[in-house]
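Only the coordinates and a few stated rules stand behind these numbers; no lab work does. Just so you know, these numbers come straight off a predicted model, no measurement behind them. All Cβ positions, even for glycine, are placed from backbone atoms using ideal geometry, and neighbour counts span all protein chains on display.
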Amino acid sequence: MTKVTAQMSVSLDGYYAGPRHDRDGHWMESAEAAGFFRITHWVIDAMAWRERLGFPGGEDDTNSRIVAEAFEAGGAYVMGRRMADGGEVPWGEEPPFRAPVFVVTHRPRQTLVRKGGTSFTYVTDGVASAVERARAAANGKNVAIAGGGALVRQVLMAGLLDELELHIAPVVLGAGMRLLDTSLDLGEFEAVELTPARVVHTPQVTHVRYTVGGRAPLVLDDRGRGEG
């Protein structure tokens with residue numbers, strides 16, 4: 001059965017990158033990039049990731065197997081326009097996805113076809129439409145929400161996310177772009193309940209997979225007063 005999944009590397013204090021880079025200058029030299037690369041060492045060092053991008057070397061370890069598992073499970077991807085634009089040049093003519101990618105955007109663009117089975121289709125009628133189109137293209141595999149963080153939040157708040165996996169790096173960034181921030185549109189007494197489904201610890205990162213429940217108001221019990 002096709003599931004809608006998302007996974008993000010985050011710091012111990014919940015950031016997936018450093019402070020957002022909106023100024024002049026190369027992104028690779030920004031604080032946003034520094035935070036991002038600090039928490040994604042485990043991916044860059046993984047053999048499965050390096051092989052996917054055509055690089056030699058890497059560690060054939062638990063982290064690499066988790067990367068390989070994610071690639072194998074993904075039948076289609078959904079991502080935000082900022083991530084798609086930022087990755088277009090670095091990913092080159094043969095991006096690592098090898099599957100259809102649906103880009104949520106307000107700016108139309110013709111579908112971009114790359115080698116290896118990757119295509120980028122620009123969807124202008126909202127995140128729910130992008131997820132639905134990805135589901136139809138996934139051929140029974142999962143729809144992977146590839147990021148960035150703002151898109152993951154949108155999918156979560158829309159009730160479209162079945163599974164969230166956080167790769168928690170043992171570092172405190174102190175500032176930056178937080179995955180679950182105050183932009184979450186929850187009512188005063190609402191919450192989204194998650195159930196841990198898998199925890200895998202390595203020296204570099206702890207992988208925690210959650211099954212995502214629905215939005216629900218807080219219902220208090222009688223706090224031990226024996227009133228019912």
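General observations
- Cβ-based net charge around G74, under 13 Å, with every Lys or Arg adding one and every Asp or Glu removing one: +1
- Relative contact order for the stretch 4-217: 27 percent, from Cα pairs under 8 Å spaced at least 6 residues apart, divided by residue count.
- If R0 equals 35 Å, the separation of the Cβ atoms of R109 and R215 corresponds to a calculated FRET efficiency of about 0.60.
- For T124, neighbours were defined as the other residues whose beta-carbon sits under 13 Å from its Cβ, and their charges (Lys and Arg +1, Asp and Glu -1) total +3.
- Dipole moment magnitude, nearest 20 debye, the stretch 61-180 about Cα centre, only Lys, Arg, Asp, Glu C-beta charged: 340
- In the stretch 1-95, Rg over Rh equals 0.97, where Rg is the alpha-carbon radius of gyration and Rh the Kirkwood radius from pairwise Cα distances.
- Tail fraction, Cα-Cα pairs, the stretch 4-217, threshold 30 Å, whole percent: 19
- Between 0 and 90 degrees, the angle of helix 62-73 with respect to the longest Cα principal axis of the chain falls at about 80 degrees.
- Nearest-20 debye value, the chain charge dipole, Cβ charges on Lys, Arg, Asp, Glu: 540
- Helix content alone sets the calculated 222 nm mean residue ellipticity of the chain: runs of n ≥ 4 DSSP H residues at -39500 (n - 2.57) each, divided across all residues, give -7500 deg cm²/dmol.
- Across the options W42, P95, G159, the greatest Cα extent toward the positive end of the charge dipole of the stretch 4-217 (unit charges at beta carbon of Lys, Arg, Asp, Glu) belongs to P95.
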